[in-house]
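The values are calculated or read from the model by the stated rules, or taken from the named source; none is laboratory data. This one's a predicted model, so the numbers in the text were calculated from it and none came from an experiment. FYI the Cβ positions are ideal-geometry reconstructions off the backbone, even for glycines, and counts take in every protein chain you see.
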Amino acid sequence: MKNILISRTDNLGDVVLTFPMAAYLKKHFQGSRILFLGKKYTADLIKACNSIDEFISREDLIRDPDILRLKNIEAVIFVYPDKKIAKICKQNDISIRIGTSHRIFHWFYTNKRINFSRKKSNLHEAQLNFKLLKGIGIKEIPSTESLGELLDVSPKIDIPESIKSDLEHARKKIILHPKSKGSAREWPLENYFFLAQKLISAGYTPVITGTKEEGDKIRKEQNNFFSLPELIDLTGKVSLGELISVISKSEGLIACSTGPLHIASALGVNTIGFYPPIKPMHAGRWKPLGKLSTVLSLDKECTDCSKGGNCACIESLRVEQVFTIIEKWDTKND
């Protein structure tokens, strides 16, 4: 098999957890080309994965479905079900089209339907992706440790000159990424503020990342955050590709279960991730795969925040716990 398309048209963390599949397929089918279909906003991340030969934008494909005809794709794996893309792939006569049997539209547009449930499984998200490879005769489900070893990500875009000087002169940079666009249970913002104070006192440089909207929200909720001395504010100031470069040159990243946490882990950067114990949002399903990742979560069964709202379990995780872990990291600039 020479040309294989992986389709994962959702968000950053989900995309990172699909990278091991790309690396595995490339090794399994020697000489193969791995193409990856994703949302346009994930392009810089997908291009940073050295196991992927070509990125295809979902938006471009919908605008021009004939894009696929010149690619000679033999198999497509719908890791994330996407009705429009599934229909286009069938129209382009891709011979092997693999998807979960749990989507009705897959019965019209795929010809290899794999029966498994993500929601009820105890496997990690990256392992669950491998269930779909049964459609091309692969039955192995690697361990999370093995999957972590398959991650091969490196920055491809330079840090912009407007912020490069500040970052180069900063000592022991620790990225704090407090927000998640509502996709995860978040550690309280005041905890990040107190952590930033402790980091500054200990000679670290906190770097705050997020979108412009997230930066505005931080200012509204904790208006003295950006007044801290030595703190570097990058909210709304870097593209995704630039953020990958910034993360790669930091000593660590602190966040809840969100894209930048998985990106940092894939880059081989120290990370601390906050997770609720509630399934299926728990660390067992969504923890980062990198060797330098630490997960903080209460060891208990809890469903109190299953319908949304604040998570008492995450709120109970103390600043001192996080700071103690950071102190044990071997930092690059010491």
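Could you tell me which of the residues Gly13, Gly31 is assigned by TED's automatic domain parsing to the domain that holds Lys131 and part of a loop (DSSP other than H, G, I, E, B)?
Working: Gly13 fails: part of a loop (DSSP other than H, G, I, E, B).
On inspection, the qualifying residue turns out to be Gly31.
I'm told Lys26 meets every condition in (1) within 18 Å of Tyr109 (Cα to Cα); (2) crowded, with 18+ Cβ neighbours inside 10 Å except one. Can you identify the failing condition by its number?
Of (1) within 18 Å of Tyr109 (Cα to Cα); (2) crowded, with 18+ Cβ neighbours inside 10 Å, only one is false for Lys26: (1).
Please note which strands (runs of 3 or more DSSP E) are completely contained in the stretch 251-312 and include at least 1 residues that are out of contact with any Leu (no Cβ under 8 Å at 6 or more places or on another chain) and surrounded by fewer than 18 Cβ atoms within 10 Å (Cβ to Cβ).
Values: elements: 252-256, 270-274, 293-296.
Passing ranges, in order: 293-296.
Give all pairs with beta carbons closer than 7 Å in which a residue from the stretch 62-90 that is under 26 Å from Ser117 (Cβ atoms) and in the same structural domain as Gly137 (by TED's automatic domain parsing) meets a residue that is part of a loop (DSSP other than H, G, I, E, B) and acidic (Asp, Glu); count only pairs at least 6 apart in sequence or on separate chains.
Hits for this filter: Tyr80/Asp10.
How many of the residues making up the stretch 128-156 are of a type in the set (S, T, N, Q) and buried (at least 20 other Cβ atoms within 10 Å of the Cβ)? Let's see the steps before the verdict.
Here is the first cut: in the stretch 128-156, the residues of a type in the set (S, T, N, Q) are 129, 143-144, 146, 154.
Applying the additional criterion that residues be buried (at least 20 other Cβ atoms within 10 Å of the Cβ) yields 129.
Matching residues across the stretch 128-156 total 1.
Of all helices (runs of 4 or more DSSP H) completely enclosed by the stretch 152-244, which ones contain at least 3 residues that are at pLDDT 95 or above and of a type in the set (Asp, Glu)? Can you show your working first?
On the way: elements: 161-169, 189-201, 212-221.
Correct list: 212-221.
Identify, by number, the condition in (1) surrounded by fewer than 17 Cβ atoms within 10 Å (Cβ to Cβ); (2) of a type in the set (S, T, N, Q); (3) out of contact with any Leu (no Cβ under 9 Å at 6 or more places or on another chain) that Gln321 doesn't meet.
Unmet condition: (3).
Does any residue in the stretch 100-119 that is touching a residue at least 60 places away in the same chain (Cβ under 8 Å) and assigned by TED's automatic domain parsing to the domain that holds Lys90 come within less than 9 Å, Cβ to Cβ, of a residue that is in a loop (DSSP other than H, G, I, E, B) and loosely packed, with under 14 Cβ neighbours inside 10 Å six or more places away or on a different chain, and which pairs are these?
Pairs found: Arg118/Pro280; Lys119/Pro280.
Specify the residue that is surrounded by the most Cβ atoms within 10 Å (Cβ to Cβ); the eligible residues are those in the stretch 1-17 that are under 20 Å from Thr110 (Cα atoms) and touching a Cys at 6+ places or on another chain (Cβ under 9 Å).
Only one residue tops the list, namely Ser7.
When the stretch 29-42 is examined, which residues are found to be touching a residue at least 40 places away in the same chain (Cβ under 8 Å) and either over 30 Å from Ser180 (Cα atoms) or surrounded by fewer than 21 Cβ atoms within 10 Å (Cβ to Cβ) (or both)? Please lay out each step first, then the result.
Residues of the stretch 29-42 touching a residue at least 40 places away in the same chain (Cβ under 8 Å): 37, 41-42.
The one that is touching a residue at least 40 places away in the same chain (Cβ under 8 Å) and either over 30 Å from Ser180 (Cα atoms) or surrounded by fewer than 21 Cβ atoms within 10 Å (Cβ to Cβ) (or both): Tyr41.
Given the criteria touching a residue at least 40 places away in the same chain (Cβ under 8 Å) and in the same structural domain as Phe323 (by TED's automatic domain parsing), does Leu261 qualify? So that I can check it myself, show each step before the final result.
On the way: touching a residue at least 40 places away in the same chain (Cβ under 8 Å): yes; in the same structural domain as Phe323 (by TED's automatic domain parsing): yes.
Yes: the conditions hold for Leu261.
Report the residue count in the stretch 117-151 for those that are more than 26 Å from Leu292 (Cβ to Cβ) and at pLDDT 95 or above.
9
Name the single residue, out of those in the stretch 189-207 being closer than 14 Å to Gly252 by Cβ and among the hydrophobic types (A, V, I, L, M, F, W, C), that is surrounded by the most Cβ atoms within 10 Å (Cβ to Cβ).
Per the criteria, the residue is Ala196.
Evaluate the following for Arg185: is it of a type in the set (D, E, K, R) and within 20 Å of Val246 (Cα to Cα)? Steps first, please.
Values: of a type in the set (D, E, K, R): yes; within 20 Å of Val246 (Cα to Cα): no.
Here the answer is no, as Arg185 does not meet what is asked.
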